[in-house]
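Trainee: The structure is given below, and queries will be raised subsequently.
Throughout, read-outs are computed from the coordinates displayed, never taken from laboratory work. Since the model is a prediction, treat every value here as computed from it, not as a measurement. Methodologically, a virtual Cβ is constructed for each residue, glycine included, from the backbone with ideal geometry; neighbour enumeration extends over all protein chains shown.
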Amino acid sequence: MSPHDDLAPTTAPTGAIAGDAVRVVVVDDATVIRESLPALLPGLTFTGSFANVETMLRARPEADVVVLDLHLSNSGQPGARQGIAAIRAVTEAGYRVCVFSQEERRFVLAACLAAGAHGLVSKTASTSRLEQSLREVAAGEVVIPPAVIGLVEVLVRRNSLTILSDRQRHVLSGRARGLTYAEMSGRLHLSESTLRGYWAEVTRNVSEHFQRTAPGDLEHALGLGPGDLLDHWPEPLPPGTPTPPRWADRWWRLRRGH
Amino acid sequence: MNGVVKQTEPVSVAGAVKVPTTAAGAERAFALLILGGRFGTVIQMAPSLPQGMSVSSSRSGYLAVWLLAAGTATFVSVVVWRSAKPLTPRGYALDAVVCFVVLLLGLVVVPDELRVGTWVGFQAAYALSVVCSGAAVRSTRVWLAALVAIVCADVAYLLPTLSFATAATLLGNVLTLVVLAGVGRWVALYIRRIAEDGDRARAQAIELGRRDEGRRAQLAIHNGAAVIRMLGDPALDDRSRALLQEEAQREARRMRSYLQGRDHVDPSLTPSGDPTGPVALPRAVRRVCDRFSDLPVHATLDLAEAVVLDEAAAQALDHALASVLLNVRDHSRAETVVIHADAVDDLASGVATGDPWVLTVHDDGVGFVADPEQFGVGLREVVIHQLRPHGMDVEVSSTPGLGTTVTITARTPS
């Protein structure tokens, strides 16, 4: 995906998952991370590495996905944007963002999705999982970690998130329990590709829901105290704001009748 | 079986002899009955010996028959006393033959008019004692043959005295032999069967106790053995070693409790250290997860916040879940472990069927062929069998290359 000043969709890199060249930009204040990722992920094409978002946005590198650390402020760049502000700045520039952080608090991770992030990968993940996640984000999918999947299931079960179909709820239930597509395929009698399609729809719906939900609503649904999420959650998008582009013609959607 | 005999509390017979209530004890009781009957008969025969010799047509013949009967009865008494069991079939056959001879010789040495109602004609009483001695013999064929022979000889012995006046008495005497022999044998066999059933029940109880003890030992040491094995891994990093040491301390406490004959109670599982208090399911699960923080565990427990376990169930779940995570740590090479708790069963039917809860532990590791027959001690004893008494069912599904799912299902106590 190339950077744009607006949110106009670009052509989806349909072969990105299968191993086509995926262009990646790294934004991390840690030099070791910036310099080691290209060596650890030789299957990806790194088109730039930056210590902060501001420098990256000035350079406007070509990229299908931006690997973004959440914590970018340090003594050398105390004013650097970080957290959800950094995510919003990069996504509003038209990039797809995969947050790469040690952050494990699920509300913070969910807030990243609310800020527009397209993927969340822990720095404790294996390099193979990181590469797979980056390819999926580049291909237009939303990558959600297990902790947030569990949070989403709670919201669905408490009727805070009501836009999912029965099939999507079943897939969500399986993913929340850690089941693989192969395991779910046997239980739900659906092909793995169909299940991946359902999951892609779930993640997209969840991402949009988070972006449009006020923190107070989530606090109520999750039994939190008033204001507990204020420090983490971004302001919801105003009504009428177009959502990020959908890859409406993705191949799995043709098989929805399964 | 011998061990069972020694462990059985003996009962007192006549305030002196202790007889255990086992199959061997029953045989000994039979021996004592035979001893009493046979020796008692000899004692009863003794006073009439002089009179019998004086009225007999053959003084020496009467004495010889008397000595043969008394000697045989004494010999049988000694044999059964020493062997602590009834005569063998062969021994009883010989005893019956002697009785048969004594009865027939009675035709010669005892006057006709003294054969009924007197101890001069001791043969009928002697025959009765022999028939009773055979009640517990371990061969129905020998018992029956001996009974027929003795009854025939008794009839022959009494037949010369038959008259209209004595017919009923003679018939009654012969029937006494038959009836007492039959009833005696039925009772003896019944007592023997009860005693043998008792022995089998005791042996089964001991075997069950032994198995239960073995199972308790396995429960007590299984996780500890796994922890020790992992601690011995030279490639272990410091963080994992510290966590394993914490787990080792816990398992050591469990083993010490087992060795001291107490059930392990972990006060840290209960709120505020209350050793008898209930525990919320998420809390019980998180405590185990805290001990396995080196594993990539993601726990989603919100949906089971209302589930509360009693102390015993929480202990069992703690041990079982630790065993599962030890397996994951030791064997799975998993990148992600997801622990999920759900208090509403909407997976299968979409309809809540009460208050069931489901705890799922899934890892994306190497998996294995999930054959319940091949489960090791950890899954079979520590996980499945330990949770079942607390109303928790366990299902293990695994596919090589796809990971493993352990599903624990239960209902909240009412």
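Trainee: Hey, what do the phi angles of segment B:67-78 turn into as Karplus ³J(HN,Hα) couplings, whole Hz, using 6.51/-1.76/1.60 and θ = phi - 60°, x for Gly and Pro?
Mentor: Per-residue couplings from phi come out as 5, 4, 5, 5, x, 5, 4, 5, 4, 4, 4, 5 Hz.
Trainee: Residues of A:151-157, mean number of Cβ from any other protein chain within 10 Å of their own Cβ, rounded to a whole number? Provide the component values of the computation, followed by the final result.
Mentor: Numbers: counts 2, 1, 5, 5, 1, 0, 6.
Partner-chain Cβ atoms within 10 Å, mean over residues of A:151-157: 3.
Trainee: Counting only residues 5 or more places away or on other chains, whose amide H sits under 5 Å from the amide H of B:W357 once H atoms are built in the peptide plane?
Mentor: B:A410, B:R411, B:T412
Trainee: So what does the Cα-only Debye profile of chain B read at q = 0.08, 0.12 Å⁻¹, as log10 I(q)/I(0), no solvent term?
Mentor: Relative scattering, expressed as log10 I(q)/I(0), comes to -0.62, -0.92.
Trainee: Another question, if that's okay. Using all alpha carbons of the protein assembly as shown, what is the percent of pairwise distances in each 10 Å bin, ordered from the shortest bin to the longest?
Mentor: Reading the bins upward from 0: 3, 12, 16, 14, 10, 7, 5, 6, 7, 6, 5, 4, 2, 1, 0.
Trainee: Right, next: Would you kindly derive the ³J(HN,Hα) couplings of segment A:150-155 from the backbone phi angles with the Karplus curve 6.51 cos²θ - 1.76 cosθ + 1.60 (θ = phi - 60°), listing them in order in whole Hz, with x for Gly and Pro?
Mentor: Along segment A:150-155, the couplings run x, 5, 5, 4, 4, 4 Hz.
Trainee: Trypsin sites (Lys or Arg not before Pro) within segment B:81-174: which are DSSP loop residues with at most 15 other Cβ atoms inside 10 Å?
Mentor: Values: sites: B:R82, B:R90, B:R115, B:R138, B:R141; in loops: B:R115, B:R138.
Passing both the DSSP loop test and the Cβ count: B:R138.
Trainee: Hey, got the average number of other protein chain Cβ atoms within 10 angstrom for residues in A:120-128?
Mentor: On the way: counts 0, 0, 3, 0, 2, 3, 3, 0, 1.
Counting other chains' Cβ atoms within 10 Å and averaging over A:120-128 gives 1.
Trainee: How would you rank A:S75, A:S185, going from fewest to most other Cβ atoms within 10 Å of each one's own Cβ? Walk me through the numbers on the way to the answer.
Mentor: On the way: A:S75 5, A:S185 17.
Going from least to most buried by this count: A:S75, A:S185.
Trainee: Using a 10 Å cut-off on Cβ to Cβ distances, tally the other chain neighbours for every residue of A:183-195 and report the average as a whole number. Write down the numbers at each step before the final one.
Mentor: Values: counts 8, 0, 0, 3, 3, 0, 0, 0, 0, 0, 0, 0, 0.
If you average over the peptide's residues, the count of other-chain Cβ atoms is 1.
Trainee: Based on the Cα atoms of segment A:60-199, what semi-axes does the equivalent ellipsoid have, where each is the square root of 5 times one gyration tensor eigenvalue, given in whole Å with the largest first? Don't jump to the answer; show the numbers that get you there.
Mentor: Details: eigenvalues 171, 55, 37 Å².
In descending order the semi-axes read 29, 17, 14 Å.
Trainee: What percent antiparallel are the DSSP beta bridges of the protein assembly as shown, to the nearest 5? Walk me through the numbers before you get to the answer.
Mentor: Values: 27 of 49 bridges.
The antiparallel fraction comes to roughly 55 percent.
Trainee: List, in order, the whole-Hz ³J(HN,Hα) value for each residue of segment A:86-96 obtained from phi through the Karplus relation with A = 6.51, B = -1.76, C = 1.60 and θ = phi - 60°; use x for Gly and Pro.
Mentor: After applying 6.51 cos²θ - 1.76 cosθ + 1.60, I find 5, 4, 5, 4, 6, 5, 5, 7, x, 8, 8 Hz.
Trainee: By counting other Cβ atoms within 10 Å of each Cβ, how are A:R23, B:R59, B:R210, A:R96 ranked from fewest to most? If you can, show how the numbers build up before the last one.
Mentor: Details: A:R23 20, B:R59 13, B:R210 10, A:R96 26.
Going from least to most buried by this count: B:R210, B:R59, A:R23, A:R96.
Trainee: Just the number, please: Stokes-Einstein D of segment B:84-128 in µm²/s, Kirkwood Rh from C-alpha pairs, 20 °C, 1.002 mPa s. Let's see the in-between values first.
Mentor: Values: Rh = 11.5 Å.
It diffuses with D of about 187 µm²/s by this estimate.
Trainee: With r defined as the distance between the Cβ atoms of A:Q77 and B:L208 and R0 fixed at 51 Å, what FRET efficiency is calculated, to the nearest 0.05?
Mentor: Numbers: r = 72 Å, r/R0 = 1.41.
The formula returns an efficiency of 0.10 here.
Trainee: With runs of 4+ DSSP H residues as the only contributors, calculate the mean residue ellipticity of chain B at 222 nm using -39,500 (n - 2.57) per run, divided by the residue total and rounded to the nearest 500.
Mentor: Values: 11 runs with 226 residues, N = 414.
Using -39500 (n - 2.57) per qualifying helix, the result is -19000 deg cm²/dmol.
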